[in-house]
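Comments concern the structure below.
Please treat every number below as a calculation from the coordinates, not as lab data. Here the structure is a predicted model, which means the values were calculated and not measured. Glycine also receives a Cβ, built like all others from the backbone with ideal geometry; neighbour counts cover every protein chain displayed.
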Amino acid sequence: MASLDRQISQLLQADQREEAEREFEKTTMAFFVICESDALSCALDISIVIDGVEVLNELSSVACACAMMFGLIYALNLKYPEGLKYTFEAFQKIIMDIESKQMSRRVQNFSSNLQEYICFL
């Protein structure tokens, strides 16, 4: 019975992998987290995709993937994706505190609002 469960799990993982690879081709920059059945289950694979190419896979956690993504962005001298540039900038400068002295006005406003909200709690 355990062998059958393992085979079913491997088939599901292969199917998810194929679907993810089709999505990779359309992606500029992203994390892909493949889970067994729902978002609360353990991740089977965590990957980073840049310009449609899976550059890292089998990462240990989403936190590790975030750190690796920023490392790749700096090492490869990449620009943030246009639609996500403020999200990446906020993550970099507010959460990770990297070059936090130089923020765009939009991220400065968000940071101020976030600090007010945290003080309010």
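Would you list which lysines come within 25 Å of residue 101, measuring only between C-alpha atoms, while excluding same-chain residues fewer than 8 positions from it? Answer for residue 101, where 25 Å is the Cα cut-off: 79, 85, 93, listed by chain and number. With neighbour counts taken as other beta-carbon atoms within 10 Å, the residues 34, 46, 118 rank, fewest first, as 118, 34, 46. Near residue 50, once Lys and Arg are set to +1 and Asp and Glu to -1 for all other residues with Cβ below 14 Å from its Cβ, the sum equals -2.
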